[in-house]
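**Student:** Take this structure first; my questions come after.
The values are calculated or read from the model by the stated rules, or taken from the named source; none is laboratory data. Remember, it's a predicted structure, so these values are computed and weren't measured experimentally. Note that we place each Cβ from the backbone using ideal geometry, even for glycine, and neighbour counts take in every protein chain shown.
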Amino acid sequence: MTRRRFLAATGLAGAGAFLAGCGGGSQSPGAEPAQGDGGASGYEGPNVELAFWNGFTGGDGPVMQQLVDQFNSEHPNIAVKMTVMEWADYYQKIPTAVQSGNGPDVGIMHIDSLPTNAARNVIVPLDDVAEALDLKQEDFAEVVWSAGEYEGQRFGIPLDVHPLGFFYNKTVLESAGLDPESPPTDRQSYEAALEQLKSAGVQGHWMSPHVFTGVLTVEALVWQFGGDLFNADGTEVTWAEDPAVEALTWAVDLVRNGYSPTDVGQDADAIALQNGQSAFNWNGIWHINTLKEVPDLEWGVAPLPNIGGTQAAWAGSHNFVLPRQRSADENKQQAARVFINWVSQQSLAWAEGGQVPARNSVRESAEFQALPEQSALAQQVDYLHFPPPVPGIGDVLADFNQAVNEAVLLTKEPAAALSEAADRASKKLEENRERYGG
């Protein structure tokens, strides 16, 4: 998955409003989720074809297609047909398709999309699948497991985790007299390295004002400084409090102190690292595959430096979902669960495509540890953060995105930008509670 395609997936500030017009809180007649064995016993019914929709248009697409092909070869009475589209199109199409009775049998959703789609009955509970897979909280990092639940029911079967990581250009570090094999790990060493790079004529960390990667960087910093974006149940905005102000101020000071250019363009921070114009870039795990394609580039990746005193990092996650069907087809319901069950057990193959497996056992395996870049970022799994499981949370976070943009572009002071954004977002939270019945 490339950054640009992931941006399309998570840039849907208006998705909540769109979903609000796709049915209320009651379930459709005849669309109750199956209460069988979740696919554990396999499928021995008549031949069925399953429509499987996702947004894997990047390098992860061929990996998933290989898994689908393997599944089909091992299950002659189930034919899974995978349809791939841009994530933005996917999230626009699936509610309408479900409402009209033409939705897919299986889908993939990002973790922050589950609550909104669950609240609007676009997807059905998967507790039976979790039970069939014998999935338990102790099998996963707590944040991964709990994020797939909404109002006491499980709506997502976690496939992977894709965290933010610390990428560095070894050649640039060495040319500035820094150890290319020992990147900074905390605030003191990070700021010292930036100062040494500046003395060598290098702006070491290009601070982006855009969601990718500036906003994700600031979100990680807020958690590192001991703050949060919302309270525990997602009913109040907390990003105007001191830890968030301190975090955003640190990011803005990268520009003010000359460690970053002003007005960094979209993706310019990533390109600067590749071109040797900067040394550091906080970017997503999807950046690994991009850097591997750059000839003769000497680079490394590590967990995010701990700037604020608390280990923390932003992350997303892909989850399997079952879209609601207007007319129940027990054969397809069982076959779909068999498919999810099977792919969930192939997470090492999926990791090789550039992801961190959701399962603890796979992350801890020797085979996964042999993937140096992915395993480096997997070290962060116990302190990753997701948005709270609240419907319409993407609409609310759009205000935080705006605050970061204004502050990094030096058009507003960090405290003022965050405070004004929090006021707007608080109103949205209240409106969403009415809209989604929370």
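**Student:** Regarding residue 362, is this residue modelled with pLDDT of 95 or more, assigned to a helix (DSSP H, G or I) and in contact with a helix residue (DSSP H, G or I) (Cβ under 8 Å, 6 or more places away or on another chain)?
**Tutor:** no
Let's see how each residue does on (1) within 21 Å of residue 410 (Cβ to Cβ); (2) surrounded by fewer than 24 Cβ atoms within 10 Å (Cβ to Cβ):
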| position | (1), (2) |
| --- | --- |
| 186 | no, yes |
| 204 | yes, no |
| 210 | yes, yes |
| 224 | no, no |
| 235 | no, yes |
| 244 | yes, no |
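**Student:** Something else: Output the residues belonging to region 395-417 that are touching a Lys or Arg at 6+ places or on another chain (Cβ under 9 Å) and of a type in the set (A, V, I, L, M, F, W, C).
**Tutor:** 396, 398, 403, 410
**Student:** When the residues of region 404-432 are filtered to those that are in contact (Cβ under 8 Å) with a residue 24 or more places away in the chain and among the polar types (S, T, N, Q), which remaining residue is nearest to residue 210 (Cα to Cα)?
**Tutor:** 405
**Student:** Further, regarding this structure: Output the number of the condition that residue 162 fails; it satisfies all remaining conditions of (1) at pLDDT below 95; (2) over 22 Å from residue 318 (Cα atoms).
**Tutor:** (2)
**Student:** In the set 216, 178, 173, which member is closer than 21 Å to residue 275 by Cα and in a helix (DSSP H, G or I)? Give the steps one after another, and end with the answer.
**Tutor:** Numbers: 216 fails: closer than 21 Å to residue 275 by Cα; 178 fails: in a helix (DSSP H, G or I).
Just a single option satisfies the conditions, and that option is 173.
**Student:** Tell me the residue from 361, 278, 327, 344 that is touching a residue at least 60 places away in the same chain (Cβ under 8 Å) and crowded, with 24+ Cβ neighbours inside 10 Å, please.
**Tutor:** 278
**Student:** Filter the helices (runs of 4 or more DSSP H) completely within region 246-344 down to those with at least 1 residues that are in contact with an Asp or Glu (Cβ under 8 Å, 6 or more places away or on another chain), at pLDDT below 95 and in the same structural domain as residue 132 (by TED's automatic domain parsing).
**Tutor:** Helices (runs of 4 or more DSSP H) meeting the threshold: 330-344.
**Student:** In this structure, is residue 212 under 22 Å from the mean Cα position of the chain (by Cα), at pLDDT below 95 and hydrophobic (A, V, I, L, M, F, W, C)?
**Tutor:** Answer is yes for this residue.
**Student:** If I filter region 38-63 down to residues being out of contact with any strand residue (DSSP E or B) (no Cβ under 7 Å at 6 or more places or on another chain) and closer than 16 Å to residue 344 by Cα, which single residue comes out as modelled with the highest pLDDT?
**Tutor:** 63
**Student:** Filter region 49-71 down to residues that are touching an Asp or Glu at 6+ places or on another chain (Cβ under 8 Å) and under 14 Å from residue 336 (Cα atoms) and give me whichever is surrounded by the most Cβ atoms within 10 Å (Cβ to Cβ).
**Tutor:** Just the residues of region 49-71 that are touching an Asp or Glu at 6+ places or on another chain (Cβ under 8 Å), to begin with: 50-52, 55, 57, 63.
Add one more test, that the residue is under 14 Å from residue 336 (Cα atoms), and what stays is 50-52.
Values: 50: 20, 51: 18, 52: 22.
Here the residue is 52.
**Student:** Assuming residue 153 fulfils every condition listed in (1) out of contact with any Asp or Glu (no Cβ under 8 Å at 6 or more places or on another chain); (2) in contact (Cβ under 8 Å) with a residue 12 or more places away in the chain apart from one, which condition is it?
**Tutor:** Failed condition: (1).
**Student:** Return a yes/no flag: does region 381-389 have any residue that is assigned to a helix (DSSP H, G or I), out of contact with any helix residue (DSSP H, G or I) (no Cβ under 6 Å at 6 or more places or on another chain) and more than 20 Å from residue 213 (Cβ to Cβ). Break it down stepwise before answering.
**Tutor:** Let us first name the residues in region 381-389 that are assigned to a helix (DSSP H, G or I), namely 381-383.
Okay, now just the ones that are also out of contact with any helix residue (DSSP H, G or I) (no Cβ under 6 Å at 6 or more places or on another chain), so 381-383.
Checking the rest, the ones that are also more than 20 Å from residue 213 (Cβ to Cβ) come to 382.
Checked against the condition, which is being assigned to a helix (DSSP H, G or I), out of contact with any helix residue (DSSP H, G or I) (no Cβ under 6 Å at 6 or more places or on another chain) and more than 20 Å from residue 213 (Cβ to Cβ), region 381-389 yields at least one hit.
Per-residue answers, yes or no, for (1) surrounded by fewer than 17 Cβ atoms within 10 Å (Cβ to Cβ); (2) in a loop (DSSP other than H, G, I, E, B); (3) of a type in the set (Lys, Arg):
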| position | (1), (2), (3) |
| --- | --- |
| 73 | yes, no, no |
| 91 | no, no, no |
| 103 | no, yes, no |
| 129 | no, no, no |
| 134 | yes, yes, no |
| 143 | no, no, no |
| 161 | no, no, no |
| 166 | no, no, no |
